[in-house]
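The values are calculated or read from the model by the stated rules, or taken from the named source; none is laboratory data. Values in this document were obtained by computation on a predicted structure and should not be read as measured data. Backbone-built Cβ (ideal geometry, glycine too); neighbour counts: all protein chains shown.
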Amino acid sequence: MSITLDGHHPSLEQAEQVIWGQQPVEATPEALQAVQASAEIVAQLAQRGEPVYGINTGFGKLSRQRIPTEQLEELQLNLLRSHAVGVGKPLPDEAARAALLFRLNALLLGRSGVRPRLIDYLVQMLNAQVIPIIPSKGSVGSSGDLAPLAHLALLLIGEGQAILAGRRLSGKEVLAELGLEPLRLGPKEGLALINGTQISLATGFVAWHRAEYLLEHAQLIAALALEALGGRMSPFEQRLQEARPHPGQLQVARRTRELLAGSRLVERSDDVQDPYTLRCIPQVLGASADALDWIAQVMSTEINSATDNPLIFAERDEALSGGNFHGQILGLAFELLALATAEIGNFSERRTARLLEAPGLPPFLADQSGLDSGLMILQYTAAALVSENKILAHPAIVDSIPTSGGQEDHNSLCSLSAHKALQISENVEYILAIELLAALQALDYLGPELMAPATRQLYQVSRGRLIHWDGQGMLGEGLRQALGLIKSGELLHD
C-alpha cells in the first residue's frame, strides 16, 4: 500500500517506512493541482518579463542581472552544473533516500513553481529505490543545501550518479532504466530543486532515528549493569520521580522498574547511595529522551514545509522572496541531538569503568587475571570515543561565514550540526556495545539465575550471539559481534 504525499504528510513514522521499509509513495491529486497552479504562475511571470528572483535573474549577489526569456532554460541548467561542487564521502544510503523523499514532499506543497512532470520523475526514482550519490560536504545551511542538493537534481537532467539495484549508474542510465528522458527544466525548476534544507534534514533525521534506538538500548544495558553492580532500586520509585515529573525521566524510571522486577542481584550495595551513573539513570537518559521528542517536533514541521525561495502563491498570482531556506532551527535541533546522543555515551562509559573494577568481581573481569587483561582495553576504546564525541559536540551554529559576496551574510551551518550528530551516533553504538560486553561478563560470574525475568531474557538473547571472554581468541571480534547485535535491534524485540 502506497503512502500518500501532499506536502503536509508524511509523519516521521511514514518517512521511516519509506526510507527503511521501501514503502512506495504517490502524490495526491489535490497536491498535483496545487503544483500545476504554481507552475502556471511561474510561466506567466517568465513571460511578463518583470524581474523575479530566480526566474529571470541571476542568483545570490548576481540577482541584479536580468536574463533574457530565451535563456531561462539555460539559466536553470547552468545553475545545477555550477552548484554541484560538493565534496567528501557520499551520504549514507538512507540519508540520500531521505533527501529525495523530503525534497519531493516539500515541492508538493505547491509553493515552488515546478511542473507535475518533475514531481513524477521524483516519485518514480523514489519508488524504484534509486539512491542518489550525494557528497556529504559543501553546504553552509542557508540558501538551502545548494551544493549537495544540486548533485541530487542532476539526476533529473540525465547527469550525476546514483545507485540502482546495486549498480552505480550515470543519471542518463538511471533515467533509461526507468523509461524516462532527461528532463528539460522550466523556469525556476533548477532553483526549486536545490533551494531547500533537505540534505541537512535528511542527515539529521537518520542521526535522530539512530539515537532513538540507541536510547532504547541504553536503558536495557543500564539495567543489566545495575544488576551486575548490585545497585539500589529506591532511586527509581515512582513517588520520587513524580516529585520532578519530566516525561522522559518518568518513562525511564518506569522502564527500569519493569526490567528489574524480581531481581535477586540488586540491593547488594553496602553504601546508602549509589554512584550517579546508577542512581541518576532516569534523570540523565530521561533528559535525552525529552530532547529527542522536541527534535522530532522540529523535523516533523520541517519535512512538511516549503523551504525554497521565492515562494509562489498562486491564489494571489504572486511570488514572494524570503528566507525559509535558512536552517537555523535545524541547526539548534541537531546541536541538541549531538549533545543528547553524546551524553548517552558519556553515561555508558562510566558504568563500563565501574564494572571493570567492581568489588567481588575479578579485576577487569578476567578469568585469569594477570595472564590476560580481561576487558581492560575495551574501556580505553570507549574513553577514546567519548573524548572524540566531546570534540564533535562543539557547536557549529555559533559560527557563520558570509557567502555570495556578502549578500548571504549569515549562514546557519546546520549541515555540519547534522553531520556531527550522525558521527556521534556511530561512536555511541560502539560505546554501548562495550558496556553490554562488560555487563554480560560480570553477570556470568554472579549467576544469571538470580537475574530478573526480563533482564535474564536479554542476557540469554545476548549470550546466544556473544560468548564469554576467556582470554582466548580476538576480543575485537567480540566487540564487532556486540555492535552487530545492537544494530540488528534484536534486543528490542524480545
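Quick rundown of the values:
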quantity	calculated
Count of segment 459-494 residues which are surrounded by 12 or more Cβ atoms within 10 Å (Cβ to Cβ), touching a residue at least 24 places away in the same chain (Cβ under 8 Å) and among the small types (Gly, Ala, Ser)	4
Any helices (runs of 4 or more DSSP H) falling wholly within segment 223-320 and containing at least 3 residues that are within 25 Å of GLU435 (Cα to Cα) and polar (S, T, N, Q)	247-260
Tally of residues being buried (at least 24 other Cβ atoms within 10 Å of the Cβ), under 25 Å from PRO90 (Cβ atoms), at pLDDT 95 or above and among the hydroxyl-bearing types (Ser, Thr, Tyr) across segment 111-141	0
Selection from segment 172-182 of residues that are of a type in the set (Gly, Ala, Ser) and outside any helix (DSSP H, G or I)	GLY179
Neighbours by Cβ (under 6 Å, 6+ apart or cross-chain): first from segment 215-234, more than 18 Å from LEU446 (Cα to Cα); second outside any loop (DSSP other than H, G, I, E, B) and of a type in the set (Ser, Thr, Tyr)	LEU215/SER288
Of all residues making up segment 380-398, the number that are touching a Leu at 6+ places or on another chain (Cβ under 6 Å) and free of Cβ contacts under 8 Å to residues at least 60 places away in the same chain	1
Residue in segment 160-171 that is in contact (Cβ under 8 Å) with a residue 60 or more places away in the chain, in contact with a helix residue (DSSP H, G or I) (Cβ under 7 Å, 6 or more places away or on another chain) and surrounded by 24 or more Cβ atoms within 10 Å (Cβ to Cβ) present	no
Residue match in segment 61-74 (condition: modelled with pLDDT of 95 or more, over 26 Å from GLU408 (Cβ atoms) and not hydrophobic (A, V, I, L, M, F, W, C))	no
Residue within segment 29-47 that is in a loop (DSSP other than H, G, I, E, B) and either surrounded by 22 or more Cβ atoms within 10 Å (Cβ to Cβ) or not acidic (Asp, Glu) (or both) present	no
Only one of GLY286, GLY331 that is over 30 Å from ASP6 (Cβ atoms), assigned by TED's automatic domain parsing to the domain that holds GLU343 and out of contact with any strand residue (DSSP E or B) (no Cβ under 8 Å at 6 or more places or on another chain)	GLY286
Any hit, segment 419-437, residues being part of a helix (DSSP H, G or I), modelled with pLDDT of 95 or more and closer than 30 Å to SER321 by Cα	yes
Residue match in segment 325-332 (condition: within 24 Å of LEU443 (Cα to Cα) and modelled with pLDDT of 95 or more)	no
Selection count, segment 250-266, where residues are touching a residue at least 40 places away in the same chain (Cβ under 8 Å) and not hydrophobic (A, V, I, L, M, F, W, C)	4
Answer from ILE295, ILE312, ILE303 - the residue that is surrounded by 13 or more Cβ atoms within 10 Å (Cβ to Cβ), out of contact with any Gly (no Cβ under 9 Å at 6 or more places or on another chain) and under 30 Å from LEU5 (Cβ atoms)	ILE303
Scan of segment 127-160 for residues that are within 19 Å of THR203 (Cβ to Cβ) and either of a type in the set (S, T, N, Q) or touching a Ser or Thr at 6+ places or on another chain (Cβ under 7 Å) (or both), ordered by number	SER136, SER139, VAL140, GLY141, SER142, SER143, GLY144, ASP145, LEU146, ALA147, PRO148
Long-range neighbours under 9 Å by Cβ, at least six apart or interchain, first residue closer than 15 Å to SER139 by Cα and in contact (Cβ under 8 Å) with a residue 40 or more places away in the chain within segment 87-100, second of a type outside the set (A, V, I, L, M, F, W, C) and part of a loop (DSSP other than H, G, I, E, B)	VAL87/GLY138; GLY88/GLY138; ALA99/ASP145
Of the criteria (1) more than 23 Å from LEU491 (Cβ to Cβ); (2) touching a Ser or Thr at 6+ places or on another chain (Cβ under 6 Å), which one LEU259 fails	(1)
